[in-house]
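Undergrad: I'd like to ask some things about the structure below.
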Amino acid sequence: MISMLLAAEFAWWQTTAFKLVMAIVAVLIPAGTTVYLYLFKMVSFMQSRLGPMEAGPYGSMQLLAELGKNLQKEDIFPLKADRAVFALAPYVVLMSTFLLAVVIPFGPDAAFTNIDVGVYLALAVSSVSVIGILMAGWASASKYSLLGGLRAAGQLIAYELPLILAVVGVVIQAGTLNLQGIIAAQNQQEIFGWGAIGNPYILTQFVGFMIFMIAVQAELTQVPFDMPIAESELVSGYMTEYSGFRFLMFFIGEFATANIFAFLASVLFLGGWSVPPFVTDLLGIAWDSNWMNFIGPLVMLTKMLLLTFIIYWVRFTYPRFREDQLQKFAWKFLIPLSLLNIFATGVLKVVF
Amino acid sequence: MPSEADTTEEVVDEARRALLEALSAELGDAFVGSDLVPGKDLTIRVATEAWGDTALYLRERQRFRYFNWLSAIDWLPSPFGRSLDAEVDKKLDPEASAAASVELGSGTTGGDSRFQVLARVHSLTTNLGLTVKVDVPGTGDGDLSVETWTSVYPGANWHEREVNEMFGIHFLGHPGLRNLYLPGDFEGYPLRKDFPLLARLVKPWPGIVDVEPMPGPSDDSPSTDNPEDTL
Amino acid sequence: MTAISDRRQLAYIAAQAADARVNVELEAEGMTLNIGPQHPATHGTLRIVARLDGEQVIEADPVMGYMHRGYEKLAEVRTYPQVTTLINRIDWLGSFANEVPFILAAEQLMDIEAPPRARHIRTILFELARIANVTLFLGDMGVQLGAVTPIFYAFRDREHILNQIESATGGRFHPNFDRIGGVKDDLPAGWLAETKQSLGEIRKFCDQMEDLILGNEIFQARTRGIGVIPADVGLSYGLSGANIRSSGVDWDLRRDGAHPGLAYNDVEWRVWTHPDGDSFARYWVRLQEVRESCLIVEQLLDSMPSGPIMAKVPRIIKVPEGEAYVETENPLGVMGYYVVSQGGLEPFRVKIRSASFSNMSISPWLLKGTYVPDVITILASLYFILGDIDR
């Protein structure tokens, strides 16, 4: 029965429609999960408070309440705002998030698309959000927004580089730009002849992983790199003038992007949807059997939650950098380090 | 204990007395009055013309490096409202108010003008504070002015702005005598005694019943030797 | 009311013209950023008009008065016991400390001395007010720099102290407990032991803050060398409290000008100074001061004398003619009251010397040439309470 279902063939429009729905699910469900789990609850416990408790059991319906609140708010345009650009900016930011989700594989076949330059595409579309943020900062006709937008542009461009350079090490080791290929490589490779857990690159590319996570933190404009938002100076940076639905879109964009980047990091460094070979050996299935289309998304979700936990943990612990310190950190430390990492990886690749 | 307290008081008193003597000797004609509370405080009054030089002298010669504050006093008895124990309610009886004495107070160091500016400086070397007062002659109709202290103590800037808006005293040479608290187009000088406190004018003073009885021995057995204590 | 004289009018017109000129210059040379009056970093309604060149501040002008309540005027129509209710609201985080110098000034004029037990209770509450005030600063500084968590720890642990203040005085924020000649009530039973426990919590909090904030590399990078105040500049601007001590000036009124109405001479503690004078030093000094305050309170709790809590005071407080100035080392710095009495039930004039007013008066000098993020750091480290500026 199930194998029949798995073997079923669908028309192109059916798969496309299904993928469209799943894309929204894949972006919004994890975003809601992390916002509730981490932003509402975990942080509250860290800060010795309870967080939302009234809406639903343990406040689990709080998200719906927030959604309703934001949807019924007035949609305010500042008087001198550039209306068209102002209205468009959140869509551009959100578009980057959805485009990023397109290349993430959730199982051997459960991927929206499987292109050979997946890593390239992911990193390229992730920088589209810069345009949206600059648009928001400029169009708001507010000095705080402008400062925030400019800071954001400078920061995102600076941290784009270590983000990409960190991935280069992974690509060298896997020998492919295809994300499925990278997952396969992590599952099939061995660490010095010991292949029970495959070769998750978090072990062999630890420096790259650290640089990637730091750069992700900066790309997300999360503390300690939240200079563009910096609520104690710039009120809310480029988002200051937004309210209601448009603010909600920025909000979703921020947290969904965090998840997508965590997905990407788990694909690149934690073996993606695959489970270590010794587990599949125990279960007696191939590492990329059809079952993984069901287990894979759950595996991905688990790994994503693990990585987003780190993101939020850091976010609510550290103070923020000043933007000159932040730029120095990127240009004088992260980029040289990632170049060194690429060099070392290349040398070791040739040696072994 | 009392003997010990007396000796320390004596020592501090000596320091203040020495300071007072030095000040009166070196300020010369500018020194016009003083008040020394042994062991507690020292206040001097200087001539109006010497106000700016006094700051320089105190800072450079007497090592009063710490600028504490600057303010002013309006010695006019309040023509509004009534004090708790006043015989006539001046608010209700304007004639009585007019007839009431308008004799100016003058404080412990004397003085003959309605307005006095006072500033306090502190010396960290001797750990003594000093209050300096100066008369500001004039009727208060825009003719009040003294020299600024900002060139000597930059910290006097905001204090002088406050005094300027609250009392209408102009500080000659001040870099930017704008209003500090009040809106730019505010009329009148709130801390002057003839500026009415509207909250007191529109609502009658609740009066003496509001005075909270103090706990303690005198509460149980009102002292009989001083009848004024119990009114 | 009073007619505006020609001179005054001229000054006003000149000021307006100067403003207009400044505005023209601003349009030409840079951007004016209006930080406040409603802004997350100004805790209250301070407004700073900053002229920016890029992100560098060319000129910063604090604008106050959004919360000016005119306590000096209001105090003139209130009896001495009623004034304490007003002045409680000056520094609203360490309210009890506001009452003390005024009461001491009145006592000095009336020549009354509080009995030893009252002096001890006063000093303990004074120090508890300091702890309650400064713990919040220790957390708040983190928030201003982007770390949101410490403030919740600060609120959590300040609660222990507020509970103690409440159980002794009945008021969490505005005790209104100090009286001329003593204090209102005696301490409740078991209070001394409970207070000692709360001090333990505060000590733990201090250790936590040292780990979480002071030891953090980003915090150090953000605060070291930022907003340096040389000692002589600080003195001439009238800075006080931890702000001047962090510039290396060893001056604390609790030790150097201990008023006989307080029991500081009975305890052993030390005054902390820091040579750097930057934002980091100000945070560090305040952290040490909380610890010293715990030490002071602990010693006072151990040596609590028995006896009456009120001196013999007349039923109706009438203060003899005279002038008195008393200043104490309050949580924010030196706070003093210049009380002029003409022998009535009400003070003739009360000049309130509040710490934040003088502490903030250095800000135009200090903010010049800094960057916008550092403006926030500097303002946070100077630690002002708006009620204390505007009075």
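Only the coordinates and a few stated rules stand behind these numbers; no lab work does. Keep in mind it's a predicted model, so treat the numbers as computed, not measured. A quick note on method: Cβ atoms are made from the backbone with ideal geometry, for glycine too, and the neighbour counts reach across all protein chains shown.
Undergrad: What residues have an amide H closer than 5 Å to that of C:Leu33, excluding those fewer than 5 places away on the same chain, when H is modeled at 1.01 Å from N in the peptide plane?
TA: Here C:Ala50, C:Arg51, C:Leu52 satisfy the definition.
Undergrad: Over the protein assembly as shown, what is the percentage of antiparallel beta bridges among all DSSP beta bridges, to the nearest 5? Can you show the working numbers first?
TA: Numbers: 55 of 62 bridges.
Antiparallel bridges make up about 90 percent of those DSSP assigns within the protein assembly as shown.
Undergrad: Also, quick follow-up: Could you tell me the distance between the Cα centroids of the range A:142-173 and the range C:219-259, to the nearest Å?
TA: 40
Undergrad: Could you work out the relative contact order of chain C? I mean the mean sequence separation of Cα pairs under 8 Å and 6+ apart, divided by the number of residues, in percent.
TA: Details: 732 pairs, mean separation 96.7, N = 391.
Contact order relative to length: 25 percent.
Undergrad: Can you pull the one-decimal nm distance between simple spin-label points at A:Ser243 and B:Ala22, each 7 Å off the Cα toward Cβ?
TA: 6.4
Undergrad: Arranged from highest to lowest average of other beta-carbon atoms within 10 Å per residue, in what order do the peptides C:274-284, C:189-199 appear? List each step's numbers first, then the result.
TA: Details: C:274-284: 22.1, C:189-199: 15.3.
Packing proxy ranking, top to bottom: C:274-284, C:189-199.
Undergrad: Run the simple label-point estimate for C:Leu192 and A:Ile115 please: 7 Å along Cα→C-beta, distance reported in nm.
TA: Using points 7 Å along Cα→Cβ, the separation is 7.8 nm.
Undergrad: Taking the Cα centre of chain A as origin, work out the dipole magnitude from +1 charges on Lys and Arg Cβ and -1 charges on Asp and Glu Cβ, in debye rounded to 20.
TA: Details: 17 positive and 20 negative charges, 124 e Å.
About 600 debye.
Undergrad: May I pose another question? Take C:Arg69 and A:Val21, extend 7 Å from each Cα along the Cα→Cβ direction, and tell me the distance between the two endpoints in nm.
TA: Between C:Arg69 and A:Val21, the label points sit 6.1 nm apart.
Undergrad: Just name one of A:Met135, A:Met53, A:Pro228: the one whose Cα is farthest towards the positive end of the charge dipole of the range A:18-351 (beta-carbon charges, Lys/Arg +1, Asp/Glu -1).
TA: A:Pro228
Undergrad: Can you find, among A:Val216, A:Thr16, A:Phe77, the residue sitting farthest towards the positive end of the charge dipole of chain A, where Lys and Arg contribute +1 and Asp and Glu -1 at Cβ?
TA: A:Phe77
Undergrad: Right, another one. Would you mind working out the magnitude of the charge dipole of the range C:63-390 relative to its Cα centre, with +1 at each Lys and Arg C-beta and -1 at each Asp and Glu C-beta, to the nearest 20 Debye? Intermediate results must be reported in sequence, preceding the final value.
TA: Details: 32 positive and 41 negative charges, 121 e Å.
The dipole magnitude comes to about 580 debye.
Undergrad: Taking +1 at the Cβ of each Lys and Arg and -1 at the Cβ of each Asp and Glu, which of C:Tyr80, C:Leu52, C:Asn163 sits farthest along the dipole of chain C towards its positive end, judged by Cα position relative to the Cα centre?
TA: C:Tyr80
Undergrad: For the range A:18-351, what does the relative contact order come out to in percent, with C-alpha contacts under 8 Å and a separation of six or more?
TA: For the range A:18-351, the relative contact order is 24 percent.
Undergrad: Let me ask something additional. Within 10 Å of each Cβ of C:71-77, how many other protein chain Cβ atoms are there on average? Don't skip to the answer; put the middle values down first.
TA: Details: counts 0, 5, 9, 3, 0, 7, 10.
What the average comes to for C:71-77 is 5.
Undergrad: Which far-off residues, 5 or more places away or on another chain, put their amide H under 5 Å from the one on B:Trp69, with H placed in the peptide plane?
TA: For B:Trp69, the qualifying residues are B:Arg120.
Undergrad: Stretch A:Leu348-A:Ile157 to full length: gain in nm at 0.36 nm per residue minus the Cα-Cα span? Display every interim value, and only then the final one.
TA: Numbers: separation 191, 0.36 × 191 = 68.76 nm, distance 2.98 nm.
Fully extending the segment from A:Leu348 to A:Ile157 adds 65.8 nm.
Undergrad: Would you mind pulling out the separation of the Cα centroids of the range A:175-190 and the range A:217-256, in Å?
TA: A separation of 35 Å, based on Cα centres.
Undergrad: I'd like the mean, over residues of C:231-237, of how many other protein chain beta carbons sit within 10 Å of each residue's own Cβ. Present the calculation step by step, with values, prior to reporting the outcome.
TA: Details: counts 2, 2, 2, 3, 10, 9, 8.
Taking all residues of C:231-237 together, the mean is 5.
Undergrad: Please report how far the C-alpha centroid of the range B:113-153 lies from that of the range C:156-172, rounded to the nearest whole angstrom.
TA: Cα centres, the range B:113-153 to the range C:156-172: 41 Å.
Undergrad: Another question, if that's okay. Working out 0.36 nm times the residue gap between C:Gln299 and C:Arg270, then minus their Cα-Cα distance, what length gain in nm do you get to one decimal?
TA: Details: separation 29, 0.36 × 29 = 10.44 nm, distance 1.32 nm.
Net length gain for the segment: 9.1 nm.
Undergrad: Is chain C best put as rounded, prolate or oblate by its Cα gyration tensor, with a ≥ b ≥ c the root eigenvalues, rounded for a/c under 1.5, and otherwise prolate when a/b is larger than b/c, oblate when not? Walk me through the intermediate numbers first.
TA: Details: a/c = 2.20, a/b = 1.25, b/c = 1.76.
Oblate.
Undergrad: Spelling out what I want: for every residue of the range A:56-67, take phi, set θ = phi - 60°, compute 6.51 cos²θ - 1.76 cosθ + 1.60 (Karplus), and round to whole Hz; glycine and proline get x.
TA: Each residue's phi maps through the Karplus curve to give x, x, 6, x, 6, 8, 4, 4, 5, 4, 5, 4 Hz.
Undergrad: Let me ask something else about it. Other chains near C:340-349: what is the mean number of their Cβ atoms within 10 Å of each residue's Cβ?
TA: Working: counts 6, 0, 5, 1, 4, 7, 5, 0, 9, 9.
Averaged over the peptide's residues, the number is 5.
Undergrad: Once you charge only the Cβ atoms, +1 for Lys and Arg and -1 for Asp and Glu, what is the size of the charge dipole of the range C:276-374 about its Cα centre, to the nearest 20 debye? Could you put the intermediate results ahead of the total?
TA: Values: 10 positive and 12 negative charges, 94 e Å.
That gives the range C:276-374 a dipole magnitude of about 460 debye.
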